[in-house]
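Only one structure is covered here, and it is reproduced in the block below.
Rule-based calculations on the coordinates, nothing more; no lab input. Quantities reported herein were computed from a predicted structural model and do not represent experimental measurements. Positions of Cβ are generated from backbone atoms using ideal geometry, with glycine treated the same way; all protein chains shown enter the neighbour counts.
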Amino acid sequence: MIDSLLYSIQSIIKLSPAEIDIVKSLFKEKTYKKGEFFLEEGRICKNVGFVAKGLMRYYINHDGEEKIYDFSQENEYVCNYESFLPQKPSAKNIQALEDSDVLIISHADLQLLYTNVREGERFGRIAIEYVFLQVLQDLSSFYTETPEVRYERFLKNHADLQQRISQYHVASFVGVKPQSLSRIRKRIFTQF
């Protein structure tokens, strides 16, 4: 499990053998059962996770309806950074859609990683830059693209998730009702 995390980190920065030991000591293994929360609304996000196996969804409750805005799967990080960075209560939820094995690091231990790994702060900066760009792209997409285009982007970027999540969750992510997603799917697949 740790090898995937080390590979992910080392795709951004180099780690010495001593630094690999530091990373191994700071990340802890945790299993989330399907339906269990990584983070619940109103709580402070205390950890960043690396999904070794499984799938998580990010959502908000809006007028009694769940609105999914992201997923994290194998070899991706999971966190609500707007709660984690300032250590303030979250307005969002992160929940396991499958049994998930996650390597977690606490806010305090992440600070130790930044201090004790030579390029640790560089790793953190590059990782959060990626998150920032993804948020901007998602926000722009929501305001400028049709649901059909967003669904096509979902298929392109998350092709493997199509078989792992319900159409209800896909529809929520795209920003439509399940019936509308059915019509979008029919239009797309009859074009080919």
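The table below gives the values:
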quantity	calculated
24 Å Cα-Cα reach of Lys177 towards lysines, excluding residues that sit fewer than 8 places from it in its own chain	Lys34, Lys67, Lys92, Lys156, Lys186
Whole-angstrom gap from the stretch 43-87 to the stretch 1-42, using each part's C-alpha centre	15
Where labels lie 7 Å past Cα in the beta-carbon direction, separation of Ile188 and Ile2 in nm	4.0
Charged-residue dipole, Cβ positions (Lys, Arg, Asp, Glu), the chain about Cα centre, Debye nearest 20	420
DSSP-assigned coil residues among GluC sites (Glu not before Pro) in the stretch 15-62, each with at most 14 further Cβ atoms within 10 Å	Glu36, Glu40
Cβ-based charge dipole, the chain, positive-most Cα from Asn61, Ile20, Ser100	Asn61
Theoretical FRET efficiency, 1/(1+(r/R0)^6), r = Cβ-Cβ of Gln167 and Glu82, R0 22 Å, to 0.05	0.15
Nearest 10 degrees, 0 to 90: helix 178-190 Cα axis against the chain principal axis	80
On Cα atoms only, tilt of 107-116 relative to the major axis of the chain in degrees	50
Percentage relative contact order, the stretch 1-158, counting C-alpha pairs under 8 Å, at least six apart	29
Ellipsoid equivalent to the chain - semi-axes via the Cα gyration tensor, in Å	32, 18, 16
